[in-house]
Amino acid sequence: MKLMKHLYQVGGVSLSHSFDATAYLIEGKEGLYLIDCGTPDGYEQIIQNIRSTGHKPEDIKAIFGTHGHYDHVGAAKLFKEEYGCLLYLQEADIPQVETGDSIRTTAELLYGRTFSPCTVDKQLRDGDRFDFGTISMEVLHTPGHTMGSVCFALNCDGYQFLIAGDTIWGGFNNLIGSDEASWKNSLDKLTSRHFDGYTFGHVGANVIADADVRLAEAKKQFATYYNPWFKAMKDTFTY
């Protein structure tokens, strides 16, 4: 689904597979770039979705991961093997991806899957900037959900758009290395900036407006009351 000029959402619960986090395709002047890439479960559908935009997955140059979890970068190995693209991640989440840690990546913890070890080609650092010719992007290191979580601040022809991954509305668990103090600092970091619109890791295909107010209210809600009754996606429930 086209969100705005040169930017598409190609993965997510409403577009590919129920396990997939949101995945985005940037149309650059010298090729295509993915922000997150979903799971092996949704891989074929995401490929089909990319083709439906009129683009070729063979033109994908790199995948930029918001963090090292199965629902966000579980399919990275498939993309790398089939299309030769690079994988970028923040260094704190690289070990779990390269060793295939199925708890730290949530593959077994939430989805009942294994995480195939995948080589990370490049490290993302806070303040890194990428110019795709049509869209420019800044990396914001936002630890908390995981210590390697990042957000991507996109300038889309003057429209300031935040791809927040799981830094907004993500889950908390000691088993995946979540840290409340770091997360609060990350939310302060996001709300110190201006964004016209935003999206996050588990949402339908849309651009969420009034971003500054919504992000401020999300920060206000953070850590008020933890929910220990989260339902793992690997399990089925009658009620």
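Quick check on my filter: what residues within region 40-64 are farther than 15 Å from Tyr8 by Cα, free of Cβ contacts under 8 Å to residues at least 60 places away in the same chain and not in a helix (DSSP H, G or I)? Within region 40-64, just Lys61 meets the criteria.
Checking Gly158, Gly165, Gly148 one by one, the residue that is out of contact with any Pro (no Cβ under 8 Å at 6 or more places or on another chain), surrounded by 23 or more Cβ atoms within 10 Å (Cβ to Cβ) and within 23 Å of Leu3 (Cα to Cα) is Gly165 and no other.
Looking at region 134-150 only, could you name the residues that are at pLDDT 95 or above and out of contact with any helix residue (DSSP H, G or I) (no Cβ under 7 Å at 6 or more places or on another chain)? Full working, then the answer.
Narrowing region 134-150 to residues at pLDDT 95 or above: 135-150.
Scanning region 134-150 gives Ile135, Ser136, Met137, Glu138, Val139, His141, Ser149, Val150.
Restricting attention to region 109-132, report how many residues are in a loop (DSSP other than H, G, I, E, B), over 22 Å from Ala232 (Cα atoms) and either polar (S, T, N, Q) or at pLDDT below 95 (or both). Going through region 109-132 one residue at a time, the tally reaches 1.
In region 205-230, the residues that are touching a residue at least 40 places away in the same chain (Cβ under 8 Å) and over 26 Å from Asp20 (Cβ atoms) form Cβ pairs under 7 Å with partners that are of a type in the set (Asp, Glu) and surrounded by fewer than 16 Cβ atoms within 10 Å (Cβ to Cβ), at six or more places apart or across chains, as follows: Ala223/Glu180. Look at region 164-175: where a residue is farther than 11 Å from Ser186 by Cβ and a partner is surrounded by fewer than 16 Cβ atoms within 10 Å (Cβ to Cβ) and at pLDDT below 95, sitting 6+ places away or on another chain with Cβ atoms under 7 Å, you get Gly171/Phe230; Phe172/Tyr226.
So for region 180-196 (the condition being crowded, with 16+ Cβ neighbours inside 10 Å and farther than 30 Å from Lys5 by Cβ), does at least one residue qualify? The answer is yes; a qualifying residue exists. From the residues in region 19-39 that are under 15 Å from the mean Cα position of the chain (by Cα) and not in a strand (DSSP E or B), which one is surrounded by the fewest Cβ atoms within 10 Å (Cβ to Cβ)? For region 19-39, the residue satisfying everything is Phe19.
Name the residue that is surrounded by the most Cβ atoms within 10 Å (Cβ to Cβ), counting only residues in region 213-231 that are among the hydrophobic types (A, V, I, L, M, F, W, C) and at pLDDT below 95. By that ranking, first place goes to Phe230.
Please specify each residue of region 203-212 satisfying the condition of being part of a loop (DSSP other than H, G, I, E, B) and surrounded by 18 or more Cβ atoms within 10 Å (Cβ to Cβ).
Of the residues in region 203-212, the ones part of a loop (DSSP other than H, G, I, E, B) are 203-207, 210.
Result: Val203, Ala205.
Taking the condition under 18 Å from the mean Cα position of the chain (by Cα), under 19 Å from Val73 (Cα atoms), assigned to a loop (DSSP other than H, G, I, E, B) and of a type outside the set (A, V, I, L, M), does Asp166 pass? Write out each step before concluding.
Numbers: under 18 Å from the mean Cα position of the chain (by Cα): yes; under 19 Å from Val73 (Cα atoms): yes; assigned to a loop (DSSP other than H, G, I, E, B): yes; of a type outside the set (A, V, I, L, M): yes.
Yes; evaluated as a whole, the condition is true for this residue.
So, in region 86-103, exactly how many residues are in a loop (DSSP other than H, G, I, E, B) and touching a Pro at 6+ places or on another chain (Cβ under 9 Å)?
Going residue by residue through region 86-103, those that are in a loop (DSSP other than H, G, I, E, B) are 100-103.
The next check asks that each one be touching a Pro at 6+ places or on another chain (Cβ under 9 Å); those that pass are 100-101.
Going through region 86-103 one residue at a time, the tally reaches 2.
Of everything in region 182-214 that is hydrophobic (A, V, I, L, M, F, W, C) and within 17 Å of the chain's Cα centre (by Cα), the residue that is farthest from Gly158 (Cα to Cα) is Trp183.
The values are calculated or read from the model by the stated rules, or taken from the named source; none is laboratory data. Predicted, not measured: the structure shown is a model, and the values here were computed from it. Please note: Cβ atoms are built from the backbone with ideal geometry, for glycine as well, and neighbour counts cover all protein chains shown.
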